[in-house]
Structure formats: C-alpha cells, structure tokens
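Enquirer: There's a structure below that I have some questions on.
What follows draws every value from the coordinates through simple rules; no lab data is involved. Just so you know, these numbers come straight off a predicted model, no measurement behind them. Heads up, the Cβs are rebuilt from the backbone with ideal geometry, glycines too, and the neighbour counts pull from every protein chain shown.
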Amino acid sequence: MSDTLQRALEVFHKIEGVWEGTLTRINGVGTVQDQMKSRVVQRIEGENGWYQHNTFTPANGNPLEFIFHGTFNEEGHLSFAATNLIGVARAVADDIILLTADVPNPPGMKFYEMTQFANPGKRMRTSQRVLDGKLHSVQIFNEERTADTGE
C-alpha cells in the first residue's frame, strides 16, 4: 500500500459509521425547496474498498435510498458508482473530502460536494448541482455520528 493511499484511508476512516441529520435543498435562485431527514452509513471494506448507503426521508415518509460501492487507487482517490452518481472523492486535507461526479439523469448534470468534519462526531456537507453551466441547486447537510459502525 502506498503512503498516499494510507494517508487517504486515514482521512476516510474519520467518516466511517452511521451519520444522521438533516438535508436542506435550495434551488438555483436561493429558495428552499425541501428539507428531509438524512441517514448515511459509510465504511472502508478490505484494504481499498468503500461501501455507502444513503437514505433521505422527505415529509411524505417515502425514503430515497442510494447504495455506493467504490475502490481506492494507489493515489488515494475513491472511484465510485451508483444509480444516481458516478465519480471520484479525494481527501484534500486532514478534515476535508471533495467529491466530483456526473449525474446520469438529467444528462450533463455535474455534482460537487465538500465534507468537513472539524469536530469529532459532527460534520457538515455542502453540495452543488450544475446543469449546462448554471447552478441548479445546493444541498446543505448537518449530521452527527450516531454509531461507529452500521449495517
């Protein structure tokens, strides 16, 4: 295992576990579209694998679920794919992970996310969706770790 991969895994290890909180979606002109409960299970599998299960529950109670599987390369970049995102995540500091992805539907949509975990047990995530070079929406996540492992 390369030193670069080892350092990246140390950062990603900080986000392993079960995270619960809220997701607020804001459209491209700044209007809140909706708010929902967020539950995310994340873990490193084996030497260089990744598993993530996102569940978002809106007010109507019908959960939206997405499962991601990925692999870390020797440079420490995590490549992943799910039905709603295909991309790469990388640690850029000891407390920040950046993610860039393509969204298959609608075609041409890009997704960018920053995860910051400045305090143990709490993290903030912000993401942007961009379509045709224009801001489509912003998502704000406030989450707390509720378990060190899950599923």
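Enquirer: If you put +1 on each Lys and Arg Cβ and -1 on each Asp and Glu Cβ, how big is the dipole of segment 3-147 around its Cα centre, in Debye rounded to 20?
Expert: In debye, rounded to 20, segment 3-147 gives about 500.
Enquirer: Would you order S137, S79 from fewest to most other beta-carbon atoms within 10 Å of each residue's own beta-carbon?
Expert: S79, S137
Enquirer: For Y51, Y112, what's the fewest-to-most ordering of other Cβ within 10 Å of each Cβ?
Expert: Y112, Y51
Enquirer: Then there's this: Which of W50, W19 has the fewest other C-beta atoms within 10 Å, and how do the rest follow up to the most?
Expert: Working: W50 21, W19 25.
Ascending Cβ contact count within 10 Å gives the list W50, W19.
Enquirer: Further question on the same structure: Output ³J(HN,Hα) for segment 79-84: one whole-Hz value per residue in order, computed from phi by the Karplus curve 6.51 cos²θ - 1.76 cosθ + 1.60 with θ = phi - 60°, and x for Gly and Pro.
Expert: Values, residue by residue: 8, 9, 8, 8, 5, 10 Hz.
Enquirer: Put +1 on the Cβ of every Lys and Arg and -1 on every Asp and Glu Cβ in segment 1-59; which of T55, V29, I44 then has its Cα farthest towards the positive end of the dipole?
Expert: V29
Enquirer: Can you give the FRET efficiency for D132 and T100, using 1/(1 + (r/R0)^6), R0 = 30 Å, r = Cβ-Cβ distance, to the nearest 0.05?
Expert: Approximately 0.95, to the nearest 0.05.
Enquirer: I've got another one for you. When the helix-only estimate is applied to the chain (DSSP H runs of n ≥ 4, each -39,500 (n - 2.57), divided by the residue count), what is the mean residue ellipticity at 222 nm, nearest 500 deg cm²/dmol?
Expert: So the calculated ellipticity at 222 nm is -2000 deg cm²/dmol.
Enquirer: Another question about this same structure. Rank I86, L98, F141 by how far each Cα sits towards the positive end of the charge dipole of segment 3-147 (+1 on Lys, Arg Cβ; -1 on Asp, Glu Cβ) and give me just the farthest.
Expert: Going by the Cα projections, it comes out as F141.
Enquirer: Per residue of segment 95-104, what does 6.51 cos²θ - 1.76 cosθ + 1.60 with θ = phi - 60° give for ³J(HN,Hα)? Whole Hz please, x for Gly and Pro, Karplus curve as stated.
Expert: Rounded to whole hertz, the list is 9, 9, 10, 10, 10, 10, 8, 9, 9, x.
Enquirer: Sticking with this structure for a sec: Round to a whole angstrom and tell me the spacing of the C-alpha centers of segment 84-142 and segment 1-38.
Expert: Between the Cα centre of segment 84-142 and that of segment 1-38, the gap is 8 Å.
Enquirer: So what are segment 3-147's ellipsoid semi-axes, whole angstrom, largest first, if each one is the square root of 5 times an eigenvalue of the alpha-carbon gyration tensor?
Expert: In descending order, the three semi-axes are 24, 18, 14 Å.
Enquirer: For segment 54-112, what is the Kirkwood hydrodynamic radius in Å, using each pair of distinct C-alpha atoms? Before the final figure, lay out each step's value.
Expert: Details: mean 1/r = 0.0775 Å⁻¹.
Hydrodynamic radius (Kirkwood, Cα pairs) of segment 54-112 is 12.9 Å.
Enquirer: If you stretched the chain out fully between M124 and I67, how much longer would it get, using 0.36 nm times the residue separation minus the C-alpha to C-alpha distance? Don't jump to the answer; show the numbers that get you there.
Expert: Numbers: separation 57, 0.36 × 57 = 20.52 nm, distance 2.03 nm.
Result: 18.5 nm gained on full extension.
Enquirer: Can you give the extra length, in nm with one decimal, that the chain gains between S2 and A93 once fully stretched, where that is 0.36 nm per residue apart less the Cα-Cα distance?
Expert: 31.0 nm
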